[in-house]
Amino acid sequence: MTESDLLRRHRAVMPDWLSLYYADPIEIVRARGRHVTDSEGRTYLDFFAGILTNAIGYDVAEIRDAVQAQLDTGVLHTSTLYLIRKQVELAEQIAELSGIENAKVFFTNSGTEANETALLLATQYRRSNQILALRNSYHGRAFGTLGITGNHGWSASSLSPVKVSYVHGGYRYRSPFARFSDADYIAACADDLRDVLQTTTSGDVAALIAEPIQGVGGFATPPDGLFGAFKEILDEHGILLISDEVQTGWGRTGEHFWGMDAHGVKPDMMTFAKGLGNGLAIGGVVARGEIMDCLGANSISTFGGNPMSTAGAKAALDYLLDHDLQGNAAKLGDRLLAGLREIGDRHGVVGDVRGKGLMIGIELVHPGGTEPNPPAATVVLEETKARGLLVGKGGLHNNVIRLAPPMTLTDDEAGQALDILGEAIHAADR
Ligand code: PMP
């Protein structure tokens, strides 16, 4: 990659700053398993998996064969007006896995579209445009989803078609209730929800939308049971619960198939994307049939549920289930969390290690306090890369290292990543 390649990227593609993720940016040209190779021939262990799009890993024979078989038919797409067999099979499977009663699926191409669809359904079903979201949330980059994003760095527009109120709950580390016990934290957040409902809404709110673990917000992980407490309050008002499972779905959190399952409640709707296609563009909403059927007018997506994406996604979902990748995420997630907490105990720059399964955040602070330390996160990003490991960086203050490798991760690879992270965090601690 030359400087002129970067300049062309900078001039032609929005947003221009993305090409600066690393001081010496990379171009991935090949990938196998959990490893990616850049245009300079350097190979990395991928602990960010294309921002969690690669649930299984790269170049999986079963998925390649399914996509190839579809390619061989000559039908990349026809029209979602016609019957697409794989789409139906995939919808049935997702409806069943959702645990939602009488569930139906609407397919989209992305998480943003999935959440836009959920907003459309909830507001229409409840005849209200009032939405509750969590502080520090991220749900996408279209007009409605930007309106429910509680993170200033990603709120590109303050104009919104929905009226949103934000509640506490997602980002515990920097909340006023950070030092509370789990039970007291949940009680304080539930009180806040009641207060927000009474003071900032007219009561007839359409839905509360939440990520079970906040992704863009720095893998912020609320205590189990929080959304159970929320649901009791929502039910008193007939308010729907939407779980944004774009990052937490498909077993990534290890202990459960859906992130919301940790809270002992079934949401009315779930949205999904990313990992389902293992790199192919697919997303969707799964919801109770009566909610899905509330639209009077026709609603269709030209590409949502297309033959290529659904063939690949069906193969990916089968693979994920057949190989118990959820179990692997639980086992290796525990190992990584324990190892990172040990590293954290030895380094003042680590303020918080959190997450579940293969979705782990390391919040970096100035030693001795909790002040965010974004430069330390940049050091970890660069030092891990120099040692052959790709990780993510993010969070409200851009000071959180995010780890989310493919769920086929091996024990050896987890060990290698821990060694490298130990060295990189040590370098950032100086
Ligand atoms: N919801 C969550 C929780 C996400 O993390 C993201 C993407 N980072 C989205 C929605 C939007 O998905 P997409 O980028 O596929 O539109």
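Which ones in segment 337-392 are over 24 Å from Ala262 (Cα atoms) and among the acidic types (Asp, Glu)?
The answer is Glu342, Asp345, Glu371, Glu382, Glu383.
Inside segment 59-87, can you point out the residues that are assigned to a helix (DSSP H, G or I) and over 15 Å from Asn278 (Cβ atoms)?
Ala69, Leu71, Asp72, Arg85, Gln87
Condition (residue is under 30 Å from Leu337 (Cβ atoms) and aliphatic (A, V, I, L, M)) applied to segment 66-85: is it met by at least one residue?
No - not one qualifying residue is present in segment 66-85.
Can you confirm whether segment 175-186 contains a residue that is closer than 27 Å to Gly279 by Cβ and assigned to a loop (DSSP other than H, G, I, E, B)?
no
Could you tell me whether segment 203-222 includes any residue that is over 16 Å from Ala122 (Cβ atoms) and surrounded by fewer than 21 Cβ atoms within 10 Å (Cβ to Cβ)?
No, that holds for no residue.
Under 6 Å by Cβ, and 6 or more places apart or on different chains, what pairs join a residue from segment 37-52 that is free of Cβ contacts under 8 Å to residues at least 40 places away in the same chain with one that is loosely packed, with under 14 Cβ neighbours inside 10 Å?
The qualifying pairs are Thr37/Arg30; Thr37/Thr43; Asp38/Glu27; Ser39/Glu27; Ser39/Val29.
Give the residues of segment 347-372 that are part of a loop (DSSP other than H, G, I, E, B) and under 16 Å from the mean Cα position of the chain (by Cα), sorted by residue number.
Answer for segment 347-372, where residues must be part of a loop (DSSP other than H, G, I, E, B) and under 16 Å from the mean Cα position of the chain (by Cα): Gly357, Leu358.
Assess whether Asp59 counts as being of a type in the set (D, E, K, R) and more than 19 Å from Lys385 (Cβ to Cβ).
In short, yes.
Scan segment 222-279 residue by residue and report those that are within 14 Å of the ligand (Cβ to nearest atom), within 20 Å of Leu132 (Cα to Cα) and in a helix (DSSP H, G or I).
Gly259, Met260, listed by residue number.
May I ask you to say which residue of Asp195, Asp224, Asp204 is of a type in the set (D, E, K, R) and closer than 14 Å to Lys356 by Cβ?
Unique residue meeting the criteria: Asp224.
Quick check on my filter: what residues within segment 258-280 are surrounded by fewer than 20 Cβ atoms within 10 Å (Cβ to Cβ) and small (Gly, Ala, Ser)?
Gly264
Computed from the coordinates by the stated procedures, all read-outs in this text should not be read as laboratory data. The structure displayed is predicted, hence computed values, not measured ones. Counting neighbours? That spans all protein chains shown, and the Cβs are built from the backbone with ideal geometry, glycine included.
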